[in-house]
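Enquirer: Structure in structure tokens, see below.
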Amino acid sequence: MEQISRLIAQMTLAEKLGQLTMTAADYAVTGPLITPVSEDAIRSGAIGNLLNLYGAGPTHRIQKIAVEESRLRIPMLLGFDALHGQRTVFPIPLAEAGLFDPAAWEATARLAAEECTGDGLNMTFAPMLDVSRDPRWGRIAESPGEDPFVGSVFARAKIRGFQSANLAGPGAVSACAKHFVAYGAVNAGREYASTDMSEAMLREVYLPPFRAAVEAGVTAIMPAFTDLNGIPMTAHVYLLQNVLRGELGFDGVLVTDYHAIAELLNHGVAGDLAEAAALALKAGVDIDMMSDAFRLGLPEALRRNLVAMEEIDTAVRRVLVLKERLGLFDDPYRRGRPDVGMTAQSRALARDIGARSLVLLKNGANSLPLAARKIALIGPLADAGAEMRGPWGGAGRIEDCVSVLQGLREAGLDIRHAPGVAIDTDDVSGIAPALELCADADVIVLCLGEAALMSGEAASRAYLGLPGAQQDLADAVFEKAAGKSVVVILFSGRPLAVPSLVSRAAAVLAAWFPGCEAGRAIADVLTGKVSPTGRTAVSWPRAVGQVPIFFGERPGGRPFNPKDHFTSHYSDVENTPLFAFGHGLTYGDFALSNLRVEPGNPLRVKVDVENRGARAAEETVFLFLNQKRAGVTRPVLELKAFGKIALAPNEQGTITLILPPPEGRAEVFVGPNAAFTSLLSLSI
Ligand code: BGC
């Protein structure tokens, strides 16, 4: 601390603003490149932090300039987006959320952090904690899904994983929870559009994961690009200062999103860069990512008395405190393990997490696991290793990615393959040759879906069907294959609204983007080596017109009653999702019984689980609450706990779920997903 005060006292204004500036190298570009990084700017102290540069060689070289050649020798924060792995790419967060396993969530963050430090990084812009209920929004792929409780448990696990117990210890990085707040509620699911919501919705749904992140000690938070109720988050004094720093007690670093301060001009709330910079600083922002607004605008803002030097010093202090907590003043190059690339262990973890993230949506006539027969592997995602990384592939390399074709061949299956069509073109000339392969096969495995970059940032979609001519391919295969089993493996960064595809397929596996070990993970499930256990962390709509769709709706005064026209419904589609939150089949056959609540504080909710199937498998159960509170409506279901149990055939066990006692009357629901028909219930 003393060292920091001494440093601040010695700093020129330009050096202070350098500490408040983060500039992108051109390794990965997610917005306009305004300031080419020059070594001179680092040497002069004008740029104090970087993003989008990784690899021990380049990062150490640039860090060396900062700590050996700049006047004050202050090390740089070096940040990168390791959303779902760094070199070892894990399933996208939406898929990983479906493991419902905090230890696994933590383990992947831990490995990513170790790989980040091996790459010379000390900060990652993760976890992304935006509750996402609208699959039109591409960034749903980066999120833990639709539920605030899941988001909160996910947040804690990820922060533990990235930062470990000792931020200055080996293999730990500063986590940056993002995007604060309510970005997932962008209007009509359109990227960068505005958001508007009640304070109750904000506090009950969008804020809890960030509260959990702060409680877990997250060291940095990124405000969202978007505005909320008319105030851009980058300049939101009430939410950043009063709520985040005040109420939640966050004392870490606020890093803007890419170019967000400059975009305050487009939002129409600032007249020039000096005003924009002043608004952000006053709202509590510490680091300006890629606007150059602090560097270029704050000197003028000082002249106009829009900001005071003390406010600049406060931000500089927070940045330096983070650098100190990371141990950068002692070891600017990080004491992570050396960059060892992917290892047998990291591959094994990616394969295990990948297999457990796959969601078996449907398994008609027990089509899966596959009996070893002649397989026609059709579709544009079958031999598409690079796509398996999904959006935000970190430092993952194409050559490290295992395609479905490769994975199934390695597993010894008899495969013939044809793509049929490309992911997103109109060319149907490949369909006929693909059909010929089908004629000669016992089983057809159709690998369909989105390209990796159809979800993620700036990837909103208004239609949620299959892109390009893939539906034509599927239709042709179903026609040709009458009598044969067609298994669909669906790749996507969001739930797709493909009800007819689902009804015509014998089995459907939602693979999301499973990461670098995709092909082997999928082979493990298709062959029965692993019984699927993934659950969807987001409701799957039947039609785009249903979105946003989520289980935590408030009850209306006219809940749907099929016998009464004047009740809440669509005239052309059911109200329910095609697959409810939590849905996911296994190769077991589970029955739940004997729901009971043991008194105490907390309450212990118990349910017996029996595997009546012929295969060992793992069941996941969810505990929801329906609370009745005088004066205010509560969601029909609120998720309060989840648990898992692995059971052999004919084995029985008990899952115990912990529940803080609700205020007032409540009903407890327990079941394998959020569909009312599958839930046991009890009043408490
Ligand atoms: C994204 C952030 C990301 C940043 C840096 C932005 O475009 O919105 O999520 O952390 O770029 O890459």
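The values are calculated or read from the model by the stated rules, or taken from the named source; none is laboratory data. Quantities reported herein were computed from a predicted structural model and do not represent experimental measurements. Cβ atoms come from the backbone with ideal geometry, glycine included; neighbour counts cover every protein chain shown.
Enquirer: Filter the range 637-674 down to residues that are in a loop (DSSP other than H, G, I, E, B) and surrounded by fewer than 18 Cβ atoms within 10 Å (Cβ to Cβ), then give me how many there are. Can you show your working first?
Expert: Quick first cut of the range 637-674, residues in a loop (DSSP other than H, G, I, E, B) only: 637, 648-651, 660-665, 672-674.
Applying the additional criterion that residues be surrounded by fewer than 18 Cβ atoms within 10 Å (Cβ to Cβ) yields 648-651, 660-661, 663-665.
So the count comes out to 9.
Enquirer: Here's a follow-up. So for the range 151-166 (the condition being within 13 Å of the ligand (Cβ to nearest atom) and in contact with a helix residue (DSSP H, G or I) (Cβ under 9 Å, 6 or more places away or on another chain)), does at least one residue qualify?
Expert: Of the range 151-166, the ones within 13 Å of the ligand (Cβ to nearest atom) are none.
So far as the range 151-166 goes, no, none of its residues is within 13 Å of the ligand (Cβ to nearest atom) and in contact with a helix residue (DSSP H, G or I) (Cβ under 9 Å, 6 or more places away or on another chain).
Enquirer: Also, quick follow-up: Does at least one position in the range 364-383 carry a residue that is assigned to a strand (DSSP E or B), surrounded by fewer than 24 Cβ atoms within 10 Å (Cβ to Cβ) and touching a residue at least 40 places away in the same chain (Cβ under 8 Å)? Explain how you work it out, then say what you get.
Expert: Taking the range 364-383 and keeping what is assigned to a strand (DSSP E or B), we get 374-378.
Among the residues that remain, those that are also surrounded by fewer than 24 Cβ atoms within 10 Å (Cβ to Cβ) are: 374-375.
With the extra rule that they be touching a residue at least 40 places away in the same chain (Cβ under 8 Å), the set shrinks to 374-375.
Yes.
Enquirer: Find the residue count for the range 320-347, including only residues that are in a loop (DSSP other than H, G, I, E, B) and either closer than 19 Å to residue 402 by Cα or of a type in the set (Val, Ile, Thr) (or both). Don't jump to the end; show me each part of the working.
Expert: Taking the range 320-347 as the starting set, the residues that turn out to be in a loop (DSSP other than H, G, I, E, B) are 326-343.
Among the residues that remain, those that are also either closer than 19 Å to residue 402 by Cα or of a type in the set (Val, Ile, Thr) (or both) are: 340-343.
Counting residues in the range 320-347 that are in a loop (DSSP other than H, G, I, E, B) and either closer than 19 Å to residue 402 by Cα or of a type in the set (Val, Ile, Thr) (or both) gives 4.
Enquirer: Can you pull out the residues in the range 213-233 that are away from the ligand (no atom under 12 Å from the Cβ), on the phi < 0 side of the Ramachandran plot and not hydrophobic (A, V, I, L, M, F, W, C)? Walk me through it before giving the result.
Expert: To start, the set of residues in the range 213-233 that are away from the ligand (no atom under 12 Å from the Cβ) comprises 213-219, 227-232.
When the remaining residues are screened for being on the phi < 0 side of the Ramachandran plot, the result is 213-216, 218-219, 227-228, 231-232.
Selection gives 215, 219, 227, 232.
Enquirer: State which residue pairs qualify: first residue in contact (Cβ under 8 Å) with a residue 12 or more places away in the chain and inside the range 181-195, second residue charged (D, E, K, R) and surrounded by 15 or more Cβ atoms within 10 Å (Cβ to Cβ) in any location, beta carbons under 6 Å apart, and separation of 6 or more residues or different chains.
Expert: As it stands, the answer is 183/130; 184/130; 189/134; 189/136; 194/227, since those pairs meet every condition given.
Enquirer: Counting residues that are among the aromatic types (Phe, Trp, Tyr), which strands (runs of 3 or more DSSP E) fully inside the range 561-636 reach at least 1?
Expert: Numbers: elements: 590-598, 603-611, 617-627.
Fully inside the range 561-636 and qualifying: 590-598, 617-627.
Enquirer: Can you spot a residue in the range 41-63 that is more than 16 Å from the ligand (Cβ to nearest atom), within 17 Å of residue 327 (Cα to Cα) and assigned to a helix (DSSP H, G or I)?
Expert: Among the residues of the range 41-63, at least one is more than 16 Å from the ligand (Cβ to nearest atom), within 17 Å of residue 327 (Cα to Cα) and assigned to a helix (DSSP H, G or I), which makes the answer yes.
Enquirer: Oh, and also: So, in the range 427-469, how many residues would count as being of a type in the set (Asp, Glu) and over 35 Å from the mean Cα position of the chain (by Cα)?
Expert: To start, the set of residues in the range 427-469 that are of a type in the set (Asp, Glu) comprises 427, 436, 440, 442, 450, 457.
If we keep only those that are over 35 Å from the mean Cα position of the chain (by Cα) as well, we get 436, 440, 442.
Qualifying residue count, the range 427-469: 3.
Enquirer: Residue 34 - would you say it is under 30 Å from residue 141 (Cα atoms), modelled with pLDDT under 95 and away from the ligand (no atom under 12 Å from the Cβ)?
Expert: On the way: under 30 Å from residue 141 (Cα atoms): yes; modelled with pLDDT under 95: yes; away from the ligand (no atom under 12 Å from the Cβ): yes.
When the stated conditions are applied, residue 34 passes them.
Enquirer: Which condition breaks for residue 517 when tested against (1) crowded, with 16+ Cβ neighbours inside 10 Å; (2) outside the structural domain of residue 502 (by TED's automatic domain parsing)?
Expert: Single failed check for residue 517: (2).
Enquirer: Could you list all residues from the range 230-261 that are touching a helix residue (DSSP H, G or I) at 6+ places or on another chain (Cβ under 9 Å), surrounded by fewer than 23 Cβ atoms within 10 Å (Cβ to Cβ) and among the polar types (S, T, N, Q)?
Expert: 241
Enquirer: Go through 95, 46 for me and flag whichever is in contact (Cβ under 8 Å) with a residue 40 or more places away in the chain, under 30 Å from residue 521 (Cβ atoms) and assigned by TED's automatic domain parsing to the domain that holds residue 257.
Expert: Working: 46 fails: under 30 Å from residue 521 (Cβ atoms).
Selected residue: 95, the only one of 95, 46 that is in contact (Cβ under 8 Å) with a residue 40 or more places away in the chain, under 30 Å from residue 521 (Cβ atoms) and assigned by TED's automatic domain parsing to the domain that holds residue 257.
Table: residues versus (1) under 27 Å from the mean Cα position of the chain (by Cα); (2) modelled with pLDDT of 95 or more.
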position	(1), (2)
483	no, no
506	no, yes
511	yes, yes
518	yes, yes
534	yes, yes
549	yes, yes
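Enquirer: Do we have residue 84 as modelled with pLDDT under 95 and either closer than 19 Å to residue 333 by Cβ or within 33 Å of the chain's Cα centre (by Cα) (or both) here?
Expert: no
Enquirer: Any chance you could count how many residues in the range 253-279 are away from the ligand (no atom under 16 Å from the Cβ) and either under 16 Å from residue 314 (Cβ atoms) or part of a loop (DSSP other than H, G, I, E, B) (or both)? Step through it out loud before you land on a result.
Expert: Filtering the range 253-279 for residues away from the ligand (no atom under 16 Å from the Cβ) gives 265, 268-279.
Imposing the further condition that a residue be either under 16 Å from residue 314 (Cβ atoms) or part of a loop (DSSP other than H, G, I, E, B) (or both) reduces the set to 268-272, 277-279.
Final tally of qualifying residues: 8.
Enquirer: Would you please name the residue that is surrounded by the most Cβ atoms within 10 Å (Cβ to Cβ), looking only at residues in the range 398-435 that are of a type in the set (Asp, Glu) and assigned to a helix (DSSP H, G or I)?
Expert: Step one: list which residues in the range 398-435 are of a type in the set (Asp, Glu), which gives 399-400, 410, 414, 424, 426-427.
Filter once more, so that each one left must be assigned to a helix (DSSP H, G or I): 399-400, 410.
Details: 399: 8, 400: 20, 410: 12.
So, considering only residues that are of a type in the set (Asp, Glu) and assigned to a helix (DSSP H, G or I), the one surrounded by the most Cβ atoms within 10 Å (Cβ to Cβ) is 400.
Enquirer: Check off (1) aromatic (Phe, Trp, Tyr); (2) without any contact (Cβ under 8 Å) to a residue 40 or more places away in the chain; (3) within 15 Å of the ligand (Cβ to nearest atom) for residue 210 and give me the number that stays unchecked.
Expert: (2)
Enquirer: Residue 194 - would you say it is polar (S, T, N, Q), within 16 Å of the ligand (Cβ to nearest atom) and not assigned by TED's automatic domain parsing to the domain that holds residue 625?
Expert: Numbers: polar (S, T, N, Q): yes; within 16 Å of the ligand (Cβ to nearest atom): yes; not assigned by TED's automatic domain parsing to the domain that holds residue 625: yes.
Considered against the rule, which asks whether it is polar (S, T, N, Q), within 16 Å of the ligand (Cβ to nearest atom) and not assigned by TED's automatic domain parsing to the domain that holds residue 625, residue 194 comes out as yes.
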